[in-house]
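Below is one structure, written out as structure tokens; the observations come after it.
Nothing in this text is a laboratory measurement; each read-out follows from the coordinates by a stated rule. Only a predicted model underlies this, so the values are computations on that prediction, with no experimental measurement involved. Note that each Cβ is placed from the backbone with ideal geometry, even for glycine, and that neighbours are counted across all protein chains shown.
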Amino acid sequence: MYLQHFGLREPPFSLTPDTSFFFACDSYQEALNTLLVAARNGEGFIKITGEVGNGKTLLCRKFLATLNQGEQATTPIGTQDQASEAPKAPRFVTAYIPNPYLEPRSLLLALAEELRVPLEPEADQHLLLKGLTRALLGCARNGQRALVCLDEAQAMPLESLEVLRLLTNLETEKRKLLQVVLFGQSELDERLRHHSVRQLRQRISFQYQLQGLRRDELERYLHHRLEVAGFSGEALFNSAAVGKLHRITGGTPRLVNIIAHKALMLAFSEGGKQVSSRHIRDAGTDTPEVRRDWLPLALTLTGVAVALSLLVAWMVLR
């Protein structure tokens, strides 16, 4: 591996959504701010969408880690430590469902497990809803807020979305008992346009569309991840390499990580200390989703050839 060669403690471009590598580009920071403001205001539904590979899962984990400012609730929902002083910011009890492709009863069981609500596994849907409702009311009485994040929400069955809506119907005179954050691909918007979930669609009070990294952000993104991984030298990716990387990935973080990792391996195999545009080009040759930035050049050359042919033909026919 190239870690020792480049003076790194750990792989800088792993695909695992590690929050220590979170890079607050404009789009990520705006999305995180939107989530935090909406959650602390007690909004019912929040929606974050983005194309494949734009870092929705990493953003979700960063949001959950930031929500309580390092004071994540560890007690079961509806309980309270009487000896502790009430914090100024609301305390959140959170649930994370990474795969919401679950029918309604399974979804309720997953929520109960995540929120540490004691329920009988054999309970029917009515009893599950009743138990969760009781727990959410206890949570509100103790000054806690319950929030659930659902990743890959575009895969969620419409019936399960409706069950979530019914849970968010529960409210005190001041706020909702359960807040829901939906993270999903653009297909989530298509799913929410279905007539049967129009009531849920109307209750989405905050939403944000994640974008890829800009060219100037990409350079800082690479530097940030390398620095977190222990790199302390000069620029490891030269300017041409960064430009090439942005052109073929469109600034999609997952593709950036894949190509950057391969490019480091290529530079290491040659004994080099810097990644060039050639390494980026070669790293992208066996990555199906990258853009082939030779296409504009090919089209340009074709256009020039056609123009020259027409010019020659015109001169012959004069």
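Which of the lysines could a cross-linker span from Lys244 if the Cα-Cα distance has to be under 25 Å and same-chain partners fewer than 8 positions apart are dropped?
Straight-line reach from Lys244, under 25 Å: Lys56, Lys262, Lys273.
Amide H neighbours of Phe237 under 5 Å, counting only residues 5+ apart in sequence or on other chains, H built in-plane at 1.01 Å?
Val275
At R0 = 30 Å, how high is the FRET efficiency between Thr16 and Arg203 if r is their beta carbon distance? Nearest 0.05 is fine.
0.35
So what's the net charge close to Gln185: Lys and Arg +1, Asp and Glu -1, counting the other residues with Cβ under 15 Å from its Cβ?
Result for the local shell: -2.
Taking amide H atoms as placed 1.01 Å from N in the peptide plane, list the residues 5 or more away in sequence, or in a different chain, whose amide H sits under 5 Å from that of Ala146.
Under 5 Å from the amide H of Ala146: Val93, Gln179.
Step through the residues of region 128-137 one at a time and calculate ³J(HN,Hα) from phi using the Karplus curve (6.51 cos²θ - 1.76 cosθ + 1.60, θ = phi - 60°), rounding each to whole Hz and writing x for Gly and Pro.
5, 4, 5, x, 5, 4, 4, 5, 5, 5
Output ³J(HN,Hα) for region 141-155: one whole-Hz value per residue in order, computed from phi by the Karplus curve 6.51 cos²θ - 1.76 cosθ + 1.60 with θ = phi - 60°, and x for Gly and Pro.
For region 141-155, the Karplus curve yields 4, 8, x, 9, 10, 9, 9, 10, 10, 10, 7, 6, 5, 5, 8 Hz.
Restricting things to alpha carbons, tell me how big region 214-294 is in terms of Rg and Dmax, in Å.
11.5, 34
Whose amide H sits under 5 Å from the amide H of Lys47, counting only residues 5 or more places off or on another chain, with H placed in the peptide plane?
When sequence neighbours closer than 5 places are left aside, the close amide H contacts are Leu182, Phe206, Gln207, Tyr208.
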